[in-house]
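What follows is a single structure, written as structure tokens, with notes after it.
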């Protein structure tokens with residue numbers, strides 16, 4: 001599916017556990033077969049997602065995140081499909097504390113977001129979320145576009161519960177042309193045929209899902225898309 005899906009009325013505040021796995025094509029097919037009748041693809045189908053991460057010139061935020069502290073924060077501007085000046089984008093503050101992920105996000109447009117980062121305090125409506133994002137920016141005054149992460153996501157949901165599962169195919173990145181309106185191209189983050197599975201739960205993982213993952217030899221891992229992109233940057237600089 002082309003990256004043109006637009007998501008309206010997003011959830012502005014999220015709190016959950018996010019458990020990650022790296023899976024092969026065979027494991028992905030196994031999982032899809034086992035999920036039939038339990039989880040369903042959401043109404044957007046496969047959607048291309050791009051996230052523009054903001055960091056300091058010396059990449060302080062991602063360097064701190066890669067050290068796996070008990071508390072960390074990231075700021076990104078996300079689009080669903082290739083963005084335009086008028087399409088909705090979402091400025092997200094993502095925090096992780098003691099294994100729990102918290103997200104705060106504001107719907108915006110790229111010109112509004114650019115005005116915000118240029119110092120326009122009136123770019124967003126004043127509410128708790130905008131104040132939290134503004135405070136984060138005040139604590140990191142040198143923020144600038146640092147990395148663009150792109151992938152093709154299929155999201156599954158549980159009709160009678162809070163369980164959500166996503167599969168990100170073809171995760172890729174670039175550290176130039178840092179604009180959500182340019183393209184959905186990038187360098188691969190994983191070897192060909194591998195994808196990222198995320199299980200998102202409010203509490204404990206359901207036993208039936210844990211059994212399926214165990215049967216498919218799908219094991220939990222630690223993986224950050226932006227973190228991996230930063231490692232690639234360091235490797236390329238070392239080789240020069």
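The values are calculated or read from the model by the stated rules, or taken from the named source; none is laboratory data. Bear in mind the structure is a predicted one, so any value in this text is a computation, not a measurement. Note: ideal-geometry Cβ built from the backbone for every residue, glycine included; neighbour counts use all protein chains shown.
Structural remarks
- Residue 167 vs. criteria assigned to a helix (DSSP H, G or I) and in contact (Cβ under 8 Å) with a residue 40 or more places away in the chain: no
- Within region 101-116, the set of residues being under 19 Å from residue 145 (Cα atoms), surrounded by fewer than 16 Cβ atoms within 10 Å (Cβ to Cβ) and in contact with a strand residue (DSSP E or B) (Cβ under 8 Å, 6 or more places away or on another chain) comprises just one member, 107.
- Flag if residue 10 is modelled with pLDDT of 95 or more and in contact with a strand residue (DSSP E or B) (Cβ under 9 Å, 6 or more places away or on another chain): no
- Matching residues in region 204-222 - criterion: being surrounded by 15 or more Cβ atoms within 10 Å (Cβ to Cβ) and either under 17 Å from residue 96 (Cα atoms) or touching a helix residue (DSSP H, G or I) at 6+ places or on another chain (Cβ under 7 Å) (or both): 212, 216, 218
- Complete set of residues in region 45-63 that are surrounded by 15 or more Cβ atoms within 10 Å (Cβ to Cβ) and either modelled with pLDDT under 95 or in a strand (DSSP E or B) (or both): 46, 47, 48, 49, 50, 51, 52, 53, 54, 55
- Scanning region 97-130 for residues that are at negative phi, in contact (Cβ under 8 Å) with a residue 60 or more places away in the chain and not in a helix (DSSP H, G or I) yields a count of 8.
- Every pair of residues 6+ apart whose Cβ atoms lie under 7 Å, when the first sits in region 131-150 and is over 26 Å from residue 81 (Cα atoms) while the second is assigned to a strand (DSSP E or B): 132/93; 132/104; 136/73; 136/75; 136/93
- Residue selected from region 69-100 under the condition more than 17 Å from the chain's Cα centre (by Cα) and at pLDDT below 95, by the criterion surrounded by the fewest Cβ atoms within 10 Å (Cβ to Cβ): 98
- Filtered residues of region 170-189 (kept if in a loop (DSSP other than H, G, I, E, B) and surrounded by 19 or more Cβ atoms within 10 Å (Cβ to Cβ)): 180, 184, 186, 189
- Filter result (closer than 16 Å to residue 35 by Cβ and in contact with a strand residue (DSSP E or B) (Cβ under 8 Å, 6 or more places away or on another chain)) within region 140-161: 153, 154, 155, 156, 157, 158, 159
- Scanning region 25-44 for residues that are free of Cβ contacts under 8 Å to residues at least 12 places away in the same chain and surrounded by 14 or more Cβ atoms within 10 Å (Cβ to Cβ) yields a single hit, 32.
- In region 217-240, the residues that are out of contact with any strand residue (DSSP E or B) (no Cβ under 8 Å at 6 or more places or on another chain), in contact (Cβ under 8 Å) with a residue 24 or more places away in the chain and farther than 16 Å from residue 63 by Cα: 217
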